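Q: If you scroll down you'll find the structure; I have some questions about it.
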Amino acid sequence: MSRIKANLSMRWHVAFVIALLAGASFGSTLNDVKKAGHIKCGVSTGIPGFSNPDRQGNWTGLDVDVCRAIAAAVLGDADRVRYIPLTPGDRFNALQSGEIDVLSRVTTWTHSRDTTLGIIFAGVSFYDGQGFMVHTASGVTSAEALKGAAICVQSGTTSAQNLADYFRELELSYQPVTFSSSDQAFNAFKAGGCNAVTADLSQLYAQRTKLDPPESATVLKTVISKEPLGPAVRQDDMQWYNIVKWTLFAIVNAEELGITSQNVDQLKNSKKPVIQRMLGVNSDTGAPMGLQSDWAYRLIKQVGNYQEIFDRNVGKDSPLKIERGLNSLWNKGGILFAPPLI
């Protein structure tokens, strides 16, 4: 009788493992994307430089280009992306439910988000930090001078928690004025509804471009947090996670190797093994991910390397004029780093 029970127990265990593995849906996202013919990309409702629609409804920005690079790698066409605008309160539910395939929306990689939501971050696309913007006419030059001030902040983000922690640590009083969207918080600041507005520096610079004139507001030098921003996917599909992760790494490695959208065709004839490998000339790095061997070539050709993406969206060639800073390569004074493609 005990042997029968043991056999039944073993069969139940095997069946459970098979069901568990089946539930992991390995490769299902890639298959779904290929079947649909496009990637569903969760973006912001409008943050210049990162994800913002123009008057014709065309989406542009650094976060947008991350999704375009994924589309180029997977589908061979960077334009095969469907953009879904999401508020901070909606973004994680949209990813968990499958409404989107990837979240690329100025989202900070944190412990709680990585361990409790069923999602996983694929890397860092922009190293940021939280700061403050004040009315230039106020004469305020430091965050410490905001004691007792009314500060606009967006709810449902890490900014509200960082703000509370910062003033608590300094034992300073302040009046939080919360809003459900970034635009609401900045419009209130613009209208004089608060003395300062706090958010990631990238958003402060983006919103500052909307002011007339932009010089009417000043971004303080004080930085109160570290905000590694990057794309996230669901935890139940390692194949899709690897695709998104290595797309991001390919963008960074391409800059380090000097491969651009302009010279990528010429560099196919390079004698450097690492460049040949990246462009799919002498090896197939795409097969383990279910992609074509020239996946990296396609995304570099159509979207560019990290420097190209940064400069045109938020850097020297954009209205934001954000300096590379921490987002420079590790060998050029920054901390931007990607594992080697070997």
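Q: Considering only the range 207-214, I want to know if a residue exists there that is surrounded by fewer than 22 Cβ atoms within 10 Å (Cβ to Cβ), within 25 Å of S142 (Cβ to Cβ) and aliphatic (A, V, I, L, M).
A: Looking through the range 207-214, at least one residue is surrounded by fewer than 22 Cβ atoms within 10 Å (Cβ to Cβ), within 25 Å of S142 (Cβ to Cβ) and aliphatic (A, V, I, L, M).
Yes/no matrix, rows are residues, columns are (1) at pLDDT 95 or above; (2) open to solvent by 70 Å² or more (accessible area, probe 1.4 Å); (3) closer than 30 Å to A185 by Cβ; (4) not in a helix (DSSP H, G or I):
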| position | (1), (2), (3), (4) |
| --- | --- |
| W12 | no, yes, no, no |
| A22 | no, yes, no, no |
| D32 | yes, yes, no, no |
| V64 | yes, no, yes, no |
| G89 | no, no, yes, no |
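Q: Only one residue in D54, D90, D114 is under 28 Å from A296 (Cβ atoms) and among the acidic types (D, E), so which one is that?
A: Testing whether each residue is under 28 Å from A296 (Cβ atoms) and among the acidic types (D, E) leaves just D114.
Q: Something else about it: Among the residues of the range 169-177, is any of a type in the set (A, V, I, L, M, F, W, C), in contact (Cβ under 8 Å) with a residue 40 or more places away in the chain and assigned to a helix (DSSP H, G or I)?
A: no
Q: So how many residues does the range 320-342 have that are within 26 Å of K272 (Cα to Cα), outside any loop (DSSP other than H, G, I, E, B) and of a type in the set (A, V, I, L, M)?
A: Adding up the residues that qualify gives 2.
Q: Now, a different point. Against the definition (buried (at least 21 other Cβ atoms within 10 Å of the Cβ), in contact (Cβ under 8 Å) with a residue 12 or more places away in the chain and more than 30 Å from Y205 (Cβ to Cβ)), how does R298 come out, yes or no?
A: So R298 fits the description; yes.
Q: Determine whether G37 is closer than 20 Å to I251 by Cβ and at pLDDT 95 or above.
A: The answer is no for G37.
Q: Hey, could you check the range 226-270 for residues that are open to solvent by less than 20 Å² (accessible area, probe 1.4 Å) and among the β-branched types (V, I, T) and say which is nearest to T108 (Cα to Cα)?
A: Among those residues, the one meeting the criterion is V233.
Q: Answer with yes or no whether V223 is crowded, with 21+ Cβ neighbours inside 10 Å, closer than 28 Å to A338 by Cα and β-branched (V, I, T).
A: Judged against the criteria, V223 is not a match.
Q: I'm trying to understand the selection: among the residues of the range 224-267, which are touching a residue at least 40 places away in the same chain (Cβ under 8 Å) and polar (S, T, N, Q)?
A: If the condition is that a residue be touching a residue at least 40 places away in the same chain (Cβ under 8 Å) and polar (S, T, N, Q), then S225, Q235, Q239, N242, T247, N253, T260, S261 are the ones that fit.
Q: Let me ask something else about it. Could you count how many residues in the range 110-136 are of a type outside the set (A, V, I, L, M) and assigned to a strand (DSSP E or B)?
A: The number of residues fulfilling the criteria is 8.
Q: Which ones in the range 98-157 are open to solvent by less than 20 Å² (accessible area, probe 1.4 Å) and among the small types (G, A, S)?
A: S104, A122, G123, S125, G129, G131, A143, A149, A150
Q: Right, something else. Checking the condition touching a Phe, Trp or Tyr at 6+ places or on another chain (Cβ under 7 Å), open to solvent by less than 10 Å² (accessible area, probe 1.4 Å) and touching a residue at least 12 places away in the same chain (Cβ under 8 Å), which residue from N327, N305 passes?
A: After ruling out the rest, the residue left standing is N327.
The values are calculated or read from the model by the stated rules, or taken from the named source; none is laboratory data. Keep in mind that this is a model prediction, so the values were computed, not measured. Please note: Cβ atoms are built from the backbone with ideal geometry, for glycine as well, and neighbour counts cover all protein chains shown. Heads up: the accessible areas ignore ligands, DNA and RNA and are worked out on the full protein's heavy atoms, side chains in. Shrake-Rupley method; radii C 1.70, N 1.55, O 1.52, S 1.80 Å.
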